[in-house]
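Below is one structure, written out as structure tokens; comments come after it.
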Number of protein chains: 2
Amino acid sequence: MVSIVIIGSGNVAQHLITAFLQSDEIELIQVFSRQKESVSHLISLDKIVSDYDEIKEAAIYIIAVSDNAIGEVSSKLPFENRLVVHTSGSMPIEILDSKNRRGVFYPLQTFTKNKAINFKEIPICLESELADDFMRIEKLAKSISNSVQSISSEQRKALHVAAVFVCNFVNHLYKIGNDICVENQLSFEILKPLIVETAQKIIQLSPENAQTGPAKRNDTETINSHLNFISDENQKEIYKLLTKSIIDHGKKL
Amino acid sequence: MVSIVIIGSGNVAQHLITAFLQSDEIELIQVFSRQKESVSHLISLDKIVSDYDEIKEAAIYIIAVSDNAIGEVSSKLPFENRLVVHTSGSMPIEILDSKNRRGVFYPLQTFTKNKAINFKEIPICLESELADDFMRIEKLAKSISNSVQSISSEQRKALHVAAVFVCNFVNHLYKIGNDICVENQLSFEILKPLIVETAQKIIQLSPENAQTGPAKRNDTETINSHLNFISDENQKEIYKLLTKSIIDHGKKL
């Protein structure tokens with residue numbers, strides 16, 4: 001059994017609590033949360049603490065708080081030389097206070113409250129200062145995921161940037177599609193099979209081979225007709241830039 | 001039984017041939033294709049014609065060719081007053097020669113050669129000049145899909161623009177994610193669960209509620225750190241524009 005304490009109560013913390021509670025190999029000793037009620041639907045009240053001095057001994061401490069709070073939280077921990085990891089995609093391992101042994105446990109996924117997720121398929125990106133500690137967090141990661149990766153801080157930053165493109169920006173394009181539907185008395189439902197298939201295609205094909213549409217064909221007639229159709233200046237600017245990027249990329253091939 | 005002839009041999013034509021051959025309610029009489037070998041793996045050679053005068057009588061003729069060829073193909077058909085539909089998202093119904101009864105049969109999906117697709121879930125957007133003809137193409141559409149929609153030419157254009165955002169542009173963002181991985185010795189495989197989950201989220205949540213990431217949080221520190229990390233000027237420009245769009249949208253709420 002690996003004993004752990006989770007510090008935090010947001011999206012990532014909540015999904016980790018749920019995942020670790022389902023694992024036979026992990027003992028979730030405590031959750032640290034300023035507002036006890038934010039995690040009391042997941043774990044019994046006697047295991048929730050909001051005072052640093054109440055935190056018990058554990059093999060691994062997981063800090064799952066917002067990026068700008070990680071450093072402060074790690075320095076407030078009232079112990080030394082224990083294994084402490086953060087869960088952030090964009091923060092280096094050094095953000096953690098050096099009084100403890102440091103590591104990173106970054107699950108690469110988009111977490112939303114009230115939407116269950118299958119952790120088995122989520123890549124967990126690991127990093128540690130000491131080789132022994134890597135084995136500890138690897139065991140922890142493998143208890144909930146089948147995709148455990150060794151990723152350096154620099155690579156993790158690259159992954160986080162890539163994730164912004166393929167997740168956050170992609171979702172914003174869904175939002176624009178939704179807005180165009182609403183403006184034209186169409187249900188966004190009609191676009192959903194296309195959205196899912198576009199993502200599914202990537203499992204079998206490279207994004208390069210999966211590319212379709214007027215920009216890929218350099219079909220200027222359709223592109224201009226679309227630009228005439230779009231009245232929103234922001235949408236028009238995004239349409240132009242992404243079309244140009246697809247066309248320029250085609251020229252490089 | 002509804003008898004049909006399919007004119008064309010590209011992606012859409014091939015997927016339609018495959019779908020209609022599986023339906024008991026449809027008799028696929030002929031496929032018109034300039035190069036017989038491009039569809040000979042799907043249908044027997046005696047049913048493939050490449051001369052307009054060989055085209056037999058059928059209840060519905062489906063023109064599935066590239067947008068700029070629809071008008072010419074429809075005017076070359078050596079008969080009048082029959083029901084002829086095109087399958088384009090961006091062309092109005094009037095692009096078809098008026099010597100025949102006109103309609104539109106637009107399957108809203110991204111079709112790739114050698115990737116099978118389940119037609120049952122694909123929305124098929126229908127339009128016709130005559131009410132009687134609408135019933136005919138509706139029966140045709142329902143024989144292969146559970147999602148049949150009545151959509152005007154103007155609405156179809158809006159849908160096509162929206163589809164460019166949620167499919168073609170989204171795929172290009174996958175391409176950028178792929179490029180960032182390759183540059184940093186990372187496998188694109190690591191991003192795939194995130195890509196699929198980002199699409200799946202939309203089934204349950206509105207794109208507005210599904211939005212996450214540094215732009216949504218207006219986290220300027222992470223945004224600037226990402227912009228410093230990105231060396232490619234084109235990627236940087238896309239990152240800036242989409243980040244600004246997400247932030248501006250948040251201000252309007």
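Considering only A:Asn178, A:Val196, A:Ile238, the residue lying farthest towards the positive end of the dipole of region A:162-240 is A:Val196, judged by Cα position with unit charges set on Cβ.
Within region B:1-95, the trypsin sites (Lys or Arg not before Pro) that combine a DSSP coil assignment with at most 11 other C-beta atoms in a 10 angstrom radius are B:Arg34, B:Lys56.
For chain A, the longest principal axis of the alpha carbon atoms and the long axis of helix A:11-21 meet at an angle near 60°. For chain B, the Cβ-based charge dipole about the Cα centre amounts to some 480 debye (Lys, Arg positive; Asp, Glu negative; other atoms uncharged). Across the options B:Asn228, B:Pro92, B:Ser153, the greatest Cα extent toward the positive end of the charge dipole of chain B (unit charges at beta carbon of Lys, Arg, Asp, Glu) belongs to B:Asn228. Going down the table (A:Lys120/A:Lys192; A:Lys56/A:Lys139; B:Lys120/B:Lys175), which pairs top 27 Å between alpha carbons? The answer is B:Lys120/B:Lys175.
Using a 7 Å projection from Cα along Cα-to-Cβ, the label point at A:Ser3 is separated from the same position in the remaining copies by 8.2 nm, smallest value first.
When each of B:Asp232, B:Asp179 is scored by the number of other beta-carbon atoms lying within 10 Å, the sequence from fewest to most is B:Asp232, B:Asp179. Label points for B:Glu27 are taken 7 Å from Cα along Cα→Cβ. From this copy to the others they lie 7.5 nm apart, shortest first. In a reduced charge model with +1 at each Lys and Arg Cβ and -1 at each Asp and Glu Cβ, region B:2-151 shows a dipole moment near 360 debye about its Cα centre. Most simply put, the protein assembly as shown has about 20% antiparallel DSSP beta bridges, counting only bridges with both residues inside it. Chain A's nearest residue to the axis relating it to B, judged by Cβ and reported with the distance in whole Å, is A:Ala199, 2. Exposed loop sites here are GluC sites (Glu not before Pro) assigned a DSSP state other than H, G, I, E or B and surrounded by at most 13 other beta carbons within 10 Å; excluding them, the longest clear run of chain B is B:81-253.
Distances between equivalent label points of B:Leu227 across the copies, with each point positioned 7 Å along Cα→Cβ, amount to 2.5 nm, shortest listed first. Taking each DSSP H run with n ≥ 4 as -39500 (n - 2.57) and averaging over every residue of chain B yields -12500 deg cm²/dmol at 222 nm. Which of rounded, prolate or oblate describes the protein assembly as shown when judged by the alpha-carbon gyration tensor and an a/c cut-off of 1.5? Judged from the Cα gyration tensor, the protein assembly as shown comes out prolate (a/c at least 1.5, a/b above b/c).
Taking only the C-alpha atoms of chain B, Rg followed by Dmax gives 22.3, 68 Å. Computed from the C-beta positions of B:Asp24 and B:Glu183, the FRET efficiency with R₀ = 51 Å rounds to 0.50.
Ellipsoid semi-axes for region B:156-252, based on the Cα gyration tensor and the rule √(5λ), read 22, 19, 15 Å when sorted largest first. Pairs with C-alpha atoms separated by more than 30 Å, drawn from the list A:Lys216/B:Lys240; A:Lys157/B:Lys244; A:Lys113/A:Lys157, do not occur.
No lab work stands behind these numbers, since they all come straight from the coordinates. Just so it is clear, the model here is predicted, and its values are computed rather than measured. As a convention, Cβ positions derive from the backbone with ideal geometry for all residues, glycine included, and neighbour counts pool all protein chains shown.
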